[in-house]
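**Q** One structure is given below, represented as structure tokens, and several questions about it will come after.
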Amino acid sequence: MGNLARLGLSGFALLATGFMTIAGIAPGKTAGSVSEAAESSQDSFRVLAPIESGNLLLFPVVRSAKTTGTSPFLTLDEGIKSGLVEVTEAGKVRGLVRPRPVPPVPYDTPGQQHREYRGDQVNTLVLVNDSDKPLLLLAGEIVTGGKQDRVIAKDRIVPSGSDPVDLGVFCIEPGRWTEDSATFGVSAKAPAGSFMVQPNVREKAMVAKDQHEVWASVSDSVNQIAAAASPAAPASGGSRSTLNTTSYARAMQDSNLSAKVDEAAAPVMKSREQVLAQLRQQHAVGVAVAVRGEIVWADIFADTDLLARYWTKLVRSYAAESLLAGGTDTKPSVSEAQHFLDTPSKGSETSDGRVGIYRYRELRSDSTETFVLESLLPGTNYEVHISKLKLRGGLRRTTSPQIYR
């Protein structure tokens, strides 16, 4: 298991969670003190000079230790587009269960008893992975269709050939509860392909875990980007009402908004292959993200391959964030980005997951939160994805999702 002392995870917490897995104890929901690590990790992260794109700065992050090579994981986009991964409303679950000689289990919520389907729910979807690879899901990924567009609430791994899995999600389309398709897609109609919600919305889903806060963030973000797309006449050309949708995904497919996001990402995306070639040469595994003069986020992966496969949707989400109002014209330095990564968490830890498949840890402090997805599948046992974010004012934390049916 890798060590994230530089990101605030103490050796004690690592030993404790490792012991739970060895002993066969389900990680469940646990809480405990996370102290500052006494020593720097050998598997530390180093920030490089940034890639600049308007109000957006992307600092490549490299790992001192060897990376895992080519990732064995399937992404959500790859799985849905190939037809090997299906996402649907909970009401369709009975038709997805594989026949077996014992009474079928409709779907499984890790850490809870198996339960029967009781109807479609705003904060629940069901996923089946029929591929021969484990599926990687990231918090913030959008699935469109069904009765409402949804966003994945947390990182997780779904093993290959799995029975239906109960996914925790948040609605990003208030106002609709009528089915427009039986299954879900990944915003394939968007001009640049699938989309991920921007950090401001991801933060509400991952930290606040509250549906109303997610909706408020969606509304505010879309309104601000719409205004930025039509600065001369926001009331007539860029207001939320002219978009004629409450869906974050559909708003981002609007030609004006999409063009504005593309413009913000242009310096990176127009030379996408060159940038990715540079990242591969540097053996970069992630980026620290600064928008409008403030370092707000970091996404770090197990290897360069995974970073490259998520690159387009991540960059467009960061670009959307850079269009929000506020901030300064200053440009954070490499040392400031390094300090953001090195700042340890001095608060508490919660952990959940599925024994033998994955562990997902949330490390809380006064100013940052770090989320760590670790694969426990045979031949892996390493951190697959790390998100670190700077907490912004007014964010309310909860320990479990607020469900609205």
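The values are calculated or read from the model by the stated rules, or taken from the named source; none is laboratory data. Quick caveat, the model's predicted, so the values are computed rather than measured. Glycine also receives a Cβ, built like all others from the backbone with ideal geometry; neighbour counts cover every protein chain displayed.
**Q** Write out, first by first residue and then by second, each pair whose Cβ atoms fall under 7 Å of each other, whose residues are 6+ apart or on separate chains, and whose first residue, in the stretch 359-385, is within 21 Å of Val296 (Cα to Cα) and modelled with pLDDT under 95 while the second is of a type in the set (Gly, Ala, Ser) and not in a loop (DSSP other than H, G, I, E, B).
**A** Arg364/Ser348
**Q** Examine the stretch 175-191 for a residue that is modelled with pLDDT of 90 or more, assigned by TED's automatic domain parsing to the domain that holds Gly91 and touching a Phe, Trp or Tyr at 6+ places or on another chain (Cβ under 8 Å), and state whether such a residue exists.
**A** For the stretch 175-191, residues modelled with pLDDT of 90 or more, assigned by TED's automatic domain parsing to the domain that holds Gly91 and touching a Phe, Trp or Tyr at 6+ places or on another chain (Cβ under 8 Å): absent.
**Q** Pro231 versus (1) surrounded by fewer than 15 Cβ atoms within 10 Å (Cβ to Cβ); (2) under 15 Å from Ala325 (Cα atoms); (3) at pLDDT 90 or above: which is the lone unmet condition?
**A** Here Pro231 meets the rest and fails (3).
**Q** Can you pull out the residues in the stretch 234-281 that are among the polar types (S, T, N, Q), surrounded by fewer than 16 Cβ atoms within 10 Å (Cβ to Cβ) and either at pLDDT below 75 or in contact with an Asp or Glu (Cβ under 9 Å, 6 or more places away or on another chain) (or both)?
**A** Answer for the stretch 234-281, where residues must be among the polar types (S, T, N, Q), surrounded by fewer than 16 Cβ atoms within 10 Å (Cβ to Cβ) and either at pLDDT below 75 or in contact with an Asp or Glu (Cβ under 9 Å, 6 or more places away or on another chain) (or both): Ser236, Ser239, Ser241, Thr242, Asn244.
**Q** Ok, one more. So for the stretch 295-304 (the condition being farther than 21 Å from Val186 by Cα, in a helix (DSSP H, G or I), in contact with a His (Cβ under 8 Å, 6 or more places away or on another chain) and modelled with pLDDT of 90 or more), does at least one residue qualify?
**A** yes
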